[in-house]
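Throughout, read-outs are computed from the coordinates displayed, never taken from laboratory work. Because the structure is predicted, anything quoted here is derived from the model rather than measured. Ideal geometry is used to build each Cβ from the backbone, glycine not excepted, and the neighbour counts take in all protein chains shown.
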Amino acid sequence: GQQLNQSPQSMFIQEGEDVSMNCTSSSIFNTWLWYKQDPGEGPVLLIALYKAGELTSNGRLTAQFGITRKDSFLNISASIPSDVGIYFCAGTGNQFYFGTGTSLTVIP
Amino acid sequence: NAGVTQTPKFQVLKTGQSMTLQCAQDMNHNSMYWYRQDPGMGLRLIYYSASEGTTDKGEVPNGYNVSRLNKREFSLRLESAAPSQTSVYFCASGSDSWGAQHFGDGTRLSIL
C-alpha cells in the first residue's frame, strides 16, 4: 500500500520550544491533512491543505503543502503542555492514507 | 456536539463470536469510513462508503463486512472474530470522498 513516512517518530521538548515534523510520500497527493490524537480519543483535524505550496495557520500551528505534492510539514510554535499527543499526517490520492505518527512530549 | 458517535466503546469477544460495531454521524456527510488502529501502524482503512447505497473495500477488508444503513449510519460487522482483529476501531465521516474526515472516539475490541 501507499507509504507515508512521518518523522520524527517521537520528540521530547521543553515547554516554550518550537516543534517541526514532516511527512513524505512516494506518490503525489491531492490533499494533506494534519491530525492530533489524545489518549483514548479519536484523531482531531488540525489543518487541511488543498493546493501545492499552500501555507496555512491555526493559532500556533502552521502547515505547508509541499510544491512537489509529495510532502508536508507541521510546525508548532511556543509549545505548551497540552500540545502533548500523537500527531498524524494524512494524504489523499485515490484513497486516504495515514502516517505512523509523531509522539510529542512537552516537559514543563 | 455529537459529531461521530461510536458504540460500544469497549468490547471483549471470544474467538468465533460475531459482533457489529455501530457508527452514526449528525453532520449530514456523504462519506463514511471504518479504520483500525494498531500500535505503531497508524490507521488502516477497512471499508468506506462514498455515498448512501455504496460501499467499497479499503486496505484491510478481510474478515469484515459493512452496511451503510442510511446517510447517517455505517456499521462494521465481524462474522467470526479472530485474535488478529483485536484493535481499536474508528469510524469517520466526511462531506467529500477523500477530503477532510472527522473521527469518533473509537471502539476498543479485544478478542480472546
Expressed as a whole number, the average count of other chain Cβ atoms within 10 Å around the Cβ atoms of B:43-56 is 2
Counting only residues 5 or more places away or on other chains, whose amide H sits under 5 Å from the amide H of residue A:85 once H atoms are built in the peptide plane?
A:104
Need the C-alpha centroid separation for segment A:55-87 versus segment A:1-45, integer Å.
8
From the phi angles alone, apply the Karplus equation (6.51, -1.76, 1.60; θ = phi - 60°) to segment B:50-66 and give each ³J(HN,Hα) in whole Hz, x where the residue is Gly or Pro.
5, 7, 4, x, 10, 9, 9, 6, x, 6, 10, x, 4, x, 10, 9, 10
Please work out the C-alpha center-to-center distance from segment B:1-26 to segment B:49-80 and express it in whole Å.
13
Under 5 Å, built H, 5+ apart or other chain: amide partners of residue A:47
A:34
Tell me, what ³J(HN,Hα) does each residue in segment B:2-18 have, in order and in whole Hz, if you take phi through Karplus 6.51 cos²θ - 1.76 cosθ + 1.60 with θ = phi - 60° and put x for Gly and Pro?
6, x, 10, 10, 10, 9, x, 8, 9, 7, 10, 10, 9, 3, x, 6, 10
Tabulate in residue order the Karplus-calculated ³J(HN,Hα) for segment B:68-73, using 6.51 cos²θ - 1.76 cosθ + 1.60 with θ = phi - 60°, rounded to whole Hz; enter x for Gly and Pro.
9, 5, 6, 5, 7, 10
